[in-house]
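We did not get these values from a lab; they are worked out from the coordinates using the rules stated. Since the structure is predicted, the reported quantities are computational estimates derived from the model, not experimental observations.
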Amino acid sequence: MVPACLGLAPFGVVCGVGAAAAGASWWSALGLSAIVFSGAAQILTVELLAAGAPVAVIVLTCFVAGLRFLMYSAAMAPLLRPLPARAQQGLAFLLTDQVFAAAVRRFDRGGDPHAAARHFFGSGVALWLFWQATNLAGFFAGNLIPASWSLDFAVPLCFVALVVPQFRSRNAIVAAVVAGVAVLALAWLPMRLNLIVAGTLGIVAGTVADLATARRGAR
C-alpha cells in the first residue's frame with residue numbers, strides 16, 4: 001500500500017488545509033477524517049459547512065458522492081461470505097478505491113479466504129493511519145499559513161481534479177453537464193437543495209444515456 005499512500009498524501013494534506021480554512025478545530029478535523037474516511041466526502045462536507053448548508057443536505061450529498069461503494073460492496077460480498085458477520089462489517093468500513101483494488105487482486109489469487117481477508121484488513125488499516133497523518137499535517141500547516149494566501153482554493157481545485165478524469169465517455173459528460181446546468185438554474189431552492197436535485201438529475205441523465213447507448217449497441 002506504500003505507493004497508494006504516497007499518491008494520496010497531497011489529497012490528505014489538502015483535506016486538512018480545507019478543514020483549517022473552514023474554521024474547524026483539530027479534533028473535529030481528525031474526527032471527520034477518522035470516521036468518514038473519504039476524501040471526496042470530506043471536501044464536500046467542508047465546502048458545504050463553510051457555505052452554511054444544513055446537516056441533512058451535507059449527509060445526503062455525501063451519500064450520493066459515495067454511491068460507487070455500492071458497486072465495490074457488491075463485488076466484495078461473495079468473497080467475504082465465509083467470514084463472520086462482524087468481520088465483514090469491520091472490513092466494510094476500511095473499503096476505499098485503493099483498498100478495493102488491492103483486496104480483489106489478493107482474493108483472485110485463491111487460497112485461504114481468511115488470509116486474503118487479513119490482507120484486506122492490513123491494507124485498509126495502513127491507508128487509514130496514513131490518511132489521518134496527512135490530514136493532521138495539512139490542518140496544522142493550514143493554520144500556520146497566513147489567510148492572505150487564500151490556500152482554501154486548493155479544496156475545490158482538488159475536487160475538480162478528482163471529477164474531471166471521470167469524463168471518459170459521452171454519457172459521463174452528459175451527466176456532468178445536466179448536473180452543472182441544474183445546480184445553477186435551481187440556485188433559488190432553499191437549504192442548498194439545488195445540490196441534491198442537480199445530483200439526482202445528473203444520475204438520471206447518465207443512466208438514460210447509458211441505456212440509450214446499450215440499446216444502440218444491441219441493434
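Full extension of the chain segment joining VAL164 with ASP210 gains 14.7 nm, where the gain is 0.36 nm per residue of separation less the Cα-Cα distance. Under the membrane-span-like helix rule (DSSP H runs whose alpha carbons stretch at least 27 Å along the helix axis, mean Kyte-Doolittle hydropathy -1.0 or higher), the chain yields 2-21, 113-144, 193-218.
Relative contact order of the chain: 31 percent, from C-alpha pairs under 8 Å at least 6 residues apart in sequence.
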